[in-house]
Amino acid sequence: MRTFGKALFLVIFAGFLFAACSSPALEKQMKFGIWAAERNLWDEAVFRWKRVLAANPDSAAAHNNLAVACEKKGLVEEARKEYELALKLAPDNAKVKFNYTKFKESLGAGDKPGPAKGKEKNEKK
Amino acid sequence: MRKSRILPVLALAFFSACTSANIRKLLVEMPRPSSIRLDAYQELLISDFLVKKEVSGFALNKELTDYFKAEWEKKFKGKVALAKAAPAREEDFKAAEVWKTMAGNSSRAVVMTGQVAFSQEARKALLEKEPGWKEGYFSAQNILSERLVFTLEVNIFFIRGETGDILFQRDYKETRTYKSMKQPADFAFFELIQTAKQKLFSSILGDERFQERYLISK
C-alpha cells in the first residue's frame, strides 16, 4: 500500500512537471528556433517561432525571439512591434527588457524624430 | 525521515527541468540602421565647404570635396557631382533657399556641405629619456621634445534638395600627433579625413556591430 502511494505520488509529480513545463511540441519548436539562430540560420528560426505564435499568440518568448530576428534582418519597425508585444505579455521579464533597451540604444539618434545631430571626436598619437 | 530526503530531490528535479537552458545569451551581429535614407535620392551634390581655418599651401576645400566625391562614387548608387557654391556664413546652412536653388528643387537630389577647419601646431614637451646600460639605471634625464599636431574639424550637413531641410548634421574632430616636425600637411589630412569618413559612412550608410541579445525558450 505504501509502495503504491509512493508510485502514485511520483506519477502525479511527473504529470505536474510535464504540465508545468508547457506543451512539449511548442517548446521543441522554440528550442529548434534558438538552435537555428545560434547557427546564423535566422530564416529557419523565424519560421519556427512563427509556428509557435500561430499556436500560442500570447507567447512572450516567441515575440521576443522574433523581435531579435527582425532586428538581425534590419526590420526595425517589425522588431519594435514584436518587442512591445513581448513586453506587454511579460512586463517584468528582465531579459526582454534588456533586449528592448539595447535595441533602442542601437537605434541611437535615428530613434528620435528630426535631423540626426551629433559630435564625434578622436585623438591619435 | 525518508520523506525529508526525497522532497528536496524532487524540488531540485522540478526546478532544473523548468528553469535550465530556458535562456540563451547570443552575440549577434546587428545591422545599425542608417541615419538617412540615401538610397531615396538619385543625385548627390557636394557643395564647397566653408573653410574656417587652413594650413598654408594646402587647398583644403578642393582636397576635401575631391576626396568625398571619389569616396561617395564608390558607395552612392546615383550620380555624384561637385557644386561650386560655398556658404559665406554659418547661418547660410539654415537658409533653405540656397540649397533648393542649388539642387533645382529636385526631390531626387541631396546636398552634402559643411564647414571645415584644418590646423597644425608645434607642441613642446619634456620627456623622460630612458637611460642606456652604459649610463647606469639611475641617471634618467629629461629631454625637450617637439611634436607636430594636426587637427581636422569637419561639420557635415546633408540637405534635402527639394525643401532645403537639414537631414543630417554631425561634427567630427580628429587629431593626430607626429614625431616628425617635417610631416607634410597633405599626408596628415588624408589620415585624419579617413577616420572621419569611416565614422560618417557608418552613420549615413549604417554598419554592423556585435550586440548581446537573449533568446528565450519558455
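The values are calculated or read from the model by the stated rules, or taken from the named source; none is laboratory data. This one's a predicted model, so the numbers in the text were calculated from it and none came from an experiment. Every residue, glycine as well, gets a Cβ built from its backbone with ideal geometry; the counts of neighbours run over all protein chains shown.
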**Message:** Can you tell me how many residues within the range B:198-218 are surrounded by fewer than 19 Cβ atoms within 10 Å (Cβ to Cβ), over 17 Å from B:G114 (Cβ atoms) and out of contact with any Pro (no Cβ under 8 Å at 6 or more places or on another chain)?
**Reply:** 6
**Request:** Can you tell me which residue among B:G104, B:G164 is touching a helix residue (DSSP H, G or I) at 6+ places or on another chain (Cβ under 6 Å) and away from every other protein chain (no Cβ under 11 Å)?
**Result:** B:G164
**Prompt:** Before we move on, is B:T195 of a type outside the set (F, W, Y), part of a strand (DSSP E or B) and either under 14 Å from the mean Cα position of the chain (by Cα) or crowded, with 22+ Cβ neighbours inside 10 Å (or both)?
**Reply:** no
**Request:** Identify the single condition in (1) within 14 Å of chain A (Cβ to nearest Cβ); (2) surrounded by 13 or more Cβ atoms within 10 Å (Cβ to Cβ) that B:F118 does not satisfy, given that it satisfies every other one.
**Result:** (1)
**Asked** So which of B:K79, B:K53 is closer than 29 Å to B:Q183 by Cα and of a type in the set (D, E, K, R)?
**Response** B:K53
**Request:** Starting from the range A:23-40, take each residue that is farther than 15 Å from A:H63 by Cβ and list its partners that are part of a helix (DSSP H, G or I) and of a type in the set (K, R), counting only C-beta distances under 6 angstrom and pairs at least six apart or across chains.
**Result:** A:F32/A:R48
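If you take the residues of the range B:176-208 that are among the small types (G, A, S) and more than 22 Å from B:F76 (Cα to Cα), which of them is nearest to the other protein chains (Cβ to nearest Cβ)? Spell out the reasoning first.
Quick first cut of the range B:176-208, residues among the small types (G, A, S) only: B:180, B:185, B:188, B:196, B:202-203, B:206.
Checking which are more than 22 Å from B:F76 (Cα to Cα) leaves us with B:180, B:185, B:188.
Working: B:S180: 13, B:A185: 16, B:A188: 11 Å.
Checked the range B:176-208; the qualifying residue nearest to the other protein chains (Cβ to nearest Cβ) is B:A188.
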**Request:** Give B:E63, B:E29 a once-over and let me know the one that is over 18 Å from the mean Cα position of the chain (by Cα) and over 30 Å from A:F103 (Cα atoms).
**Result:** B:E63
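Does B:P33 fit the bill of being modelled with pLDDT under 90, over 30 Å from A:L75 (Cβ atoms) and in contact with a helix residue (DSSP H, G or I) (Cβ under 7 Å, 6 or more places away or on another chain)?
Working: modelled with pLDDT under 90: yes; over 30 Å from A:L75 (Cβ atoms): no; in contact with a helix residue (DSSP H, G or I) (Cβ under 7 Å, 6 or more places away or on another chain): yes.
The answer is no for B:P33.
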**Request:** Return the only residue of B:K84, B:K69, B:K25 being away from chain A (no Cβ under 14 Å) and either surrounded by 14 or more Cβ atoms within 10 Å (Cβ to Cβ) or modelled with pLDDT of 90 or more (or both).
**Result:** B:K69
